[in-house]
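Q: Quick one: structure below, then a few questions.
The values are calculated or read from the model by the stated rules, or taken from the named source; none is laboratory data. Remember, it's a predicted structure, so these values are computed and weren't measured experimentally. Glycine gets a Cβ as well: all are built from the backbone with ideal geometry, and neighbour counts include every protein chain shown. SASA here: full protein model, heavy atoms, side chains in, ligands and nucleic acids out. Shrake-Rupley method; radii C 1.70, N 1.55, O 1.52, S 1.80 Å.
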Amino acid sequence: MQHTILPLGEAGLLVRFGEGIHPEVHRAVKALSDVLADRPFPGLIDTVISYTSLAVYYDPFRVLAADEEAGRRTAFSTVSAYLEDECLPRAGEAVEKAPRVVRVPVCYGGAYGPDLPFVAAHAGLPEEEVIRLHTAQTYLVYMIGFCPGFPYLGGMDRRIAAPRRQTPRLAIPARSVGIAGEQTGVYPMETPGGWQIIGRTALELFRPEDERSPSLLAAGDLVQFYPVTEAEYLAERKEQP
């Protein structure tokens with residue numbers, strides 16, 4: 001897939017693949033991220049996945065200290081050359097790994113989903129049909145952002161797309177499931193936000209006590225929502241650590 005490499009300040013760069021939210025663009029971004037995880041270069045600090053690009057952050061002093069051609073190249077050109085010569089060809093040939101599927105229970109409507117009536121009215125559908133359509137899809141986690149553990153999910157049925165609220169809420173309860181445009185996602189913690197809230201899950205999406213994997217979801221995962229009753233939701237919450 002065609003790409004461009006752009007500087008990102010003095011200690012990073014951006015590898016951009018295409019435009020828009022598309023699974024094939026995501027696969028290219030994820031493949032490069034996976035290759036870098038397996039073949040890190042000296043000075044690599046972190047990589048961050050977005051819809052269309054991969055941000056690569058590095059320590060320029062460590063990059064140049066390990067570069068035999070230091071003095072003739074910048075850290076940006078050294079890292080760019082490594083990506084072009086070593087990583088991008090491997091990413092293009094990589095066999096896509098089977099994604100992890102995470103099932104997420106959701107209690108829809110009522111106090112847990114106060115905007116479900118608005119989404120239904122906007123779509124011209126009964127609330128039960130909105131729930132059916134929302135749970136019928138398998139969603140791809142394109143990226144984690146906005147706040148720790150927040151998954152941006154693609155693949156929602158366009159029939160239940162809804163605009164953001166004209167006035168954002170100052171506090172959305174943790175684990176709320178929302179819709180904004182053609183996207184859906186889950187708020188891992190209480191935070192301001194303008195998405196239309198249609199339900200709430202009992203699952204904790206951000207677990208800071210887990211140092212290895214504080215976010216329940218990661219880019220490339222697949223999410224399947226399924227409806228539960230309020231009693232089931234409350235029972236699941238009691239079982240949470």
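Q: For Phe206, all conditions in the list (1) within 23 Å of Arg27 (Cα to Cα); (2) crowded, with 16+ Cβ neighbours inside 10 Å hold save one; what is the number of the exception?
A: So Phe206 meets the others, but not (1).
Q: Now for a different question. Would you kindly identify the strands (runs of 3 or more DSSP E) lying entirely within region 124-241 that contain at least 3 residues that are touching a residue at least 40 places away in the same chain (Cβ under 8 Å)?
A: It comes to 139-144, 151-154, 176-180, 183-187, 196-200, 222-227.
Q: Starting from region 71-89, take each residue that is hydroxyl-bearing (Ser, Thr, Tyr) and list its partners that are crowded, with 20+ Cβ neighbours inside 10 Å and in a helix (DSSP H, G or I), counting only C-beta distances under 7 angstrom and pairs at least six apart or across chains.
A: From residues that are hydroxyl-bearing (Ser, Thr, Tyr), the pairs are Thr78/Val63.
Q: Go through (1) in contact (Cβ under 8 Å) with a residue 40 or more places away in the chain; (2) within 23 Å of Phe146 (Cα to Cα); (3) crowded, with 16+ Cβ neighbours inside 10 Å for Pro7 and report which single condition fails.
A: Every listed condition holds for Pro7 apart from (3).
Q: Just to be sure before I move on: is Ile131 touching a Pro at 6+ places or on another chain (Cβ under 7 Å), open to solvent by 20 Å² or more (accessible area, probe 1.4 Å) and at negative phi in the structure I sent?
A: Yes: the conditions hold for Ile131.
Q: Further question on the same structure: May I ask you to list the residues in region 46-63 that are out of contact with any Gly (no Cβ under 7 Å at 6 or more places or on another chain) and farther than 13 Å from Glu10 by Cα?
A: Asp46, Thr47, Val48, Ile49, Ser50, Tyr51, Ser53, Leu54
Q: Here is a further query. Quickly run through region 163-203 and pick out the residues that are surrounded by fewer than 23 Cβ atoms within 10 Å (Cβ to Cβ) and among the small types (Gly, Ala, Ser).
A: Result: Ala171, Ala174, Ala180, Gly181, Gly193, Gly194, Ala202.
Q: Let me confirm something: among Gly199, Gly181, which residue is closer than 24 Å to Gly124 by Cβ and either of a type in the set (Phe, Trp, Tyr) or at pLDDT 95 or above (or both)? Explain how you work it out, then say what you get.
A: On the way: Gly181 fails: either of a type in the set (Phe, Trp, Tyr) or at pLDDT 95 or above (or both).
That would be Gly199, the only listed residue that is closer than 24 Å to Gly124 by Cβ and either of a type in the set (Phe, Trp, Tyr) or at pLDDT 95 or above (or both).
Q: Just one of Ala94, Ala28 is touching a His at 6+ places or on another chain (Cβ under 9 Å), within 28 Å of Met156 (Cα to Cα) and not charged (D, E, K, R); which is it? Reasoning before the result, please.
A: Numbers: Ala94 fails: touching a His at 6+ places or on another chain (Cβ under 9 Å).
That would be Ala28, the only listed residue that is touching a His at 6+ places or on another chain (Cβ under 9 Å), within 28 Å of Met156 (Cα to Cα) and not charged (D, E, K, R).
Q: Is it the case, given these coordinates, that Arg158 is farther than 29 Å from Ala231 by Cβ, in contact with an Asp or Glu (Cβ under 9 Å, 6 or more places away or on another chain) and surrounded by fewer than 17 Cβ atoms within 10 Å (Cβ to Cβ)?
A: Considered against the rule, which asks whether it is farther than 29 Å from Ala231 by Cβ, in contact with an Asp or Glu (Cβ under 9 Å, 6 or more places away or on another chain) and surrounded by fewer than 17 Cβ atoms within 10 Å (Cβ to Cβ), Arg158 comes out as yes.
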